[in-house]
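Contents: one structure, followed by commentary.
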Amino acid sequence: MYVAVKGGEQAIDAAHAWLAEERRGDPSIAELTVPQIRAQLALAVNRVMAEGSLYDPDLAALAIKQARGDLIEAVFLIRAYRTTLPRLGSSRPIDTGRMAVIRRVSATFKDLPGGQVLGPTFDYTHRLLDFTLMAEGETPPAQTRPAVQPAGQGPVDVPHVTAFLNRDGLIQTEAASDTPPPDLTREPMELPAARPLRLQALTRGDEGFVLSLAYSTQRGYGRTHAFIGELRIGSVAVELEIPELGFAVEIGDIELTECETVNQFTGSKTEPPQFTRGYGLVFGQSERKAISMSLVDRALRWKELGEDFVGAPAQDEEFVLMHADNVQATGFLEHIKLPHYVDFQSELELIRRLRAEATAAQEAAE
Amino acid sequence: MTAQDYNFAYLDEQTKRMIRRAILKGIAVPGYQVPFASREMPMPYGWGTGGVQVTAACLTPDDTLKVIDQGADDTTNAVSIRKFFQRTAGVAVTEATDQASIIQTRHRIPEAPLTEGQILVYQVPIPEPLRFLEPRETETRKMHELEEYGLMHVKLYEDIARHGTIATSYAYPVKVEGRYVMDPSPIPKFDNPKLSDSPAIQLFGAGREQRIYALPPYTQVVSLDFDDHPFVASKADHDCDLCGAGTSYLDEVITDDQGGRMFVCSDTDFCRARREAGHVGRLGTPAPSLEAAQ
C-alpha cells in the first residue's frame, strides 16, 4: 500500500540539528571564535561586508562562522539582517583624499605627491605554501618605519592622481552633483540606471562575476584600455550631520579600497580625445573587486562617451546589473532543487502526447 | 529567535505599507506588473520571498493561513513558510481550503472553489510572460505599454506549426480583461480556467524580480489560443488512486523500478476530504479516521 510522504517538519528540524553539528565539526578541536575570524580571515570578512552592504566586521565574522565558510551564504545572512535595520540618516560624502592610506600605488606615474606605498599586499609574495603556518609558528613582527605622514599630525592629504591629469584637461571631468543617490535596497531597480545606481550595484555585486566581466573587457569584449591610475586602501572618517547640533560629527572610520582607472580614449563624435575614467570603491581591503569594478564601470559608460555598443556583455547595463547580485543568483539557481512535481507532470503529459502523435503520424505514413 | 524580536509577520510597518500600495495599484490595474522595493527575506530568493512579502503585508492577527506547495500542505517548503508565519505572526493555520482566509501557494490553485473574502497569494519566479521571447526588461515593459503582443502569438503559432499543438503545459500565458498578457506563475494549464471569474482576490508576488501583480475578484482571465486551436486544460488521463477523483490534477508517483506507477491528487487537502467522505481509489484504503471508527 502506498503511503504519501509525510513528516516534512520533522525532517527539517532534524536536518537543522545535523547541520549545526556539522558546522561545529570535530568537538575535540577547539571551536573557532568570531574574533579569530575577524582578525585572521579579514579578507573574507571584507568580502562579506562589501557584498552584504553592511560595514560591521563582527557580524560579518559571525556570518562566516555560521555559514561554515560559505561566503555567499554569509553575505545572505548579513543582507537579511541589514534589511531589518532602521535608517538613522545619511552620512556626508566620505573624502577619500583624506584617507589614512596603508597602501597606495599608481601604475601611471613612477612617483607622485603622497608617494607610492606598497602596503600589506600579496603582489610580490612567492606563492609557496608556508609550512610554518601549519606548524603554528609565530609570525615575526613586521619592521616599522616612520609613516608617510609625520607622527602626531594626523593623515596628510593624499591627492588623487586623476586630479593631476584633470588640471591639464587631459582627463574627462566628472560632473559634480548634489542629487542624493538612489538606494538600491529601498527602491526597485529601474533601467536605464544612472551611474550612481550602477556603481552601487557593482560594489555589492559578486566578486567573481564582476571579475570575469572586467577580464572579458581586457580580452577584447568591449576593450577600454585601462591603466590603474591609482589604487588606494586605508581608512576614512564617516561624518554624520546632526540636525540638533547644526554640524557634522565623526561617527567612526571605515576601511575602503578605491580604484581609479585612466582609460585611453581617442575621442568620439561627441567627446574630444582625452583620458576617461572608471571608478571602483569597495568596503575593506578588496583590491581585486575594486579594480574589476572600475573596469566594468568604464565599459558601461559607452553611451555617455559617445562610443559604439559592440555587443560586449560588460557594456550591456541590463545584463550586468540584473545578474551581478549573488544572493539573487544563487537563490534562483538553487530553487530548482525545490519540488516541481506539478510542472514536471504537465511536461510529462505533453511529451507523451506529442510522442504518441508523432508515432501515429509516422505509422500512417509507412 | 523569538517572535517578539520582530514586528508582526516579520516585516516592519513601513515596508508593509509600501507593499500594500503596490498591491492596491496591482488590483486597480489587473495584470499589470507593479515594481516594488522587495526586501531581502530570511529565506532565499526562489523559495517564495515575493509570496511571503505579499502574505506578510496582508496578514492580520485574525487571519487563518494555509500554505501549499505543489498543491500539498506537507511539502518541506510549505511547512517551512507556514512555520515562519506561526513564529513571526502567531496566526492560526489550517490545511482546509475552506477554512483559510489567506492561502499562499506555489504552482497550484486548490481544487475546492474559493470564496469571497479569501486571498490567494502566488509565489512567482519570473513574472514577465514575454521574458523567454525577449530577455530585456526595458523592451518587455515597452511591449506591455503598447499592447504589442504579436511576439507571443507568433510563438504560439510556431508551436502549432511545429508540434500541431501549443507546447506550453505550465505558466501558460493569459490575457486579463482584454488588456495585459500575464504569467499566471508556473501553475499547470489545468488550473488556468480557475483564474477567471474567481470570487477570491488573487495576488502574485515576485521577490527577486521585484514585481507584484493582481487579479481582483471576478476578473475575466482568458488563456491565449486560436479559434481553430482552442485552449484545452489537460491532466493525466487517470483517476486518483487514493480517493478515486476523476477531476483533480494528479501527481505521478513511481512505485517500483519495473514501470509501476500510481496517480494521486496533487491537492492533499482535497484528497483527504474525499477519503474522509468515504471515497476510495484503486489503491487506496479508507481514511485513517474512518479506519479508526470501524
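The values are calculated or read from the model by the stated rules, or taken from the named source; none is laboratory data. Because the structure is a prediction, the values reported are computed rather than measured. Heads up, the Cβs are rebuilt from the backbone with ideal geometry, glycines too, and the neighbour counts pull from every protein chain shown. Calculation scope for accessible area: heavy atoms of the full protein, side chains included, ligands and nucleic acids excluded. Shrake-Rupley method; radii C 1.70, N 1.55, O 1.52, S 1.80 Å.
Numerical summary
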quantity: MRE, 222 nm, helices only [DSSP H, n ≥ 4, -39500 (n - 2.57), over chain B, to nearest 500]; calculated: -8000 deg cm²/dmol
quantity: Hz values of 3J(HN,Hα) by residue in segment A:263-279 - Karplus curve (6.51, -1.76, 1.60), Gly and Pro given as x; calculated: 10, 5, 8, 8, x, 9, 4, 9, 10, x, x, 5, 7, 10, 10, x, 9
quantity: Under 18 Å from A:LYS110, Cα to Cα: aspartates and glutamates that are on another chain or at least 8 residues apart; calculated: A:ASP123, A:GLU230, A:GLU260
quantity: Fraction of accessible area attributable to carbon and sulfur, chain B (%, probe 1.4 Å); calculated: 52
quantity: Relative contact order, percent, segment A:44-142 [alpha-carbon distance under 8 Å, six or more residues apart]; calculated: 17
quantity: Surface per residue (accessible, 1.4 Å probe) for segment A:2-82, Å²; calculated: 58
quantity: Shielding by other protein chains, B:107-114, mean Cβ within 10 Å; calculated: 1
quantity: Accessible solvent surface per residue of segment B:120-160, calculated while the other protein chains remain in place, 1.4 angstrom probe, Å²; calculated: 48
quantity: FRET E, pair A:ALA14, A:ALA361, Förster distance 35 Å, beta-carbon r, rounded to 0.05; calculated: 0.10
quantity: Amide H partners (placed H, <5 Å) of A:PHE275, local residues excluded; calculated: A:ILE171, A:GLN172
quantity: Pair A:ILE254, B:SER196: separation of 7 Å Cα→Cβ label points (nm); calculated: 5.3
quantity: Flagged links, alpha-carbon separation over 27 Å, of A:LYS337/B:LYS83; B:LYS16/B:LYS189; B:LYS66/B:LYS235; B:LYS25/B:LYS142; B:LYS155/B:LYS189; calculated: B:LYS16/B:LYS189
quantity: Phi-based couplings in Hz for segment A:219-227 (Karplus 6.51, -1.76, 1.60; Gly and Pro marked x); calculated: 8, x, 7, x, 5, 10, 6, 8, 10
quantity: Residue among B:VAL181, B:MET18, B:SER234 farthest towards the positive dipole end of chain B, charges placed on Cβ; calculated: B:MET18
quantity: Inter-probe distance in nm under a simple model that places probes 7 Å from Cα toward Cβ, at A:LEU170 and B:PHE231; calculated: 6.6
quantity: Order of exposure, largest accessible area first, which applies to A:LYS303, B:LYS155, B:LYS66 with probe 1.4 Å; calculated: A:LYS303, B:LYS155, B:LYS66
quantity: Furthest towards positive pole of dipole, A:LEU77, A:GLN10, A:LEU43, structure part segment A:2-82, Cβ charges; calculated: A:LEU43
quantity: Rounded Å value of the spacing that divides the Cα centres of segment B:171-223 and segment A:265-286; calculated: 46
quantity: Chain A: most fluctuating residue of A:ILE72, A:ILE242, A:ILE37 per GNM, C-alpha cutoff 10 Å; calculated: A:ILE242
quantity: Rounded to the nearest 20 debye, dipole of the protein assembly as shown from Cβ charges on Lys, Arg, Asp, Glu; calculated: 1080
quantity: Buried solvent-accessible surface, both chains (A, B), 1.4 Å probe, Å² to nearest 100; calculated: 4400
quantity: Alpha-carbon centroid distance for the pair segment B:103-159 / segment A:34-70, whole angstrom; calculated: 39
quantity: Mean Cα-pair separation over length for chain B, i.e. relative contact order, pairs under 8 Å, 6 or more apart, %; calculated: 20
quantity: Residue-averaged 222 nm ellipticity for chain A, from DSSP H runs of 4+ at -39500 (n - 2.57), nearest 500; calculated: -12000 deg cm²/dmol
quantity: Cut-off 11 Å between beta-carbons: net charge of the residues surrounding B:THR255, Lys and Arg +1, Asp and Glu -1; calculated: -3
quantity: Sequence-distant residues sharing a close amide H with B:LEU250 (under 5 Å, placed H); calculated: B:ALA236, B:SER266
quantity: Paramagnetic reach from A:ILE29 in segment A:110-137 [backbone N under 19 Å; point 7 Å along Cα→Cβ]; calculated: A:130-137
quantity: Rounded to whole Hz, the Karplus (6.51, -1.76, 1.60) HN-Hα couplings of segment A:50-59, x for glycine and proline; calculated: 5, 7, x, 6, 8, 8, 7, x, 5, 5
quantity: Inter-chain shielding of B:40-53 (mean C-beta neighbours from other protein chains, 10 Å cut-off); calculated: 5
quantity: Which of A:TYR55, B:TYR218 is most accessible, then next, and so on - probe 1.4 Å; calculated: B:TYR218, A:TYR55
quantity: Sites B:ILE254 and A:GLU187, calculated FRET efficiency, Cβ-Cβ separation with R0 41 Å, nearest 0.05; calculated: 0.30
quantity: Residues with amide H under 5 Å from that of B:THR64, placed H, sequence gap 5 or more; calculated: B:SER101, B:ILE102
quantity: Efficiency of FRET from Cβ geometry, A:TYR221 and B:THR247, R₀ 60 Å, rounded to 0.05; calculated: 0.65
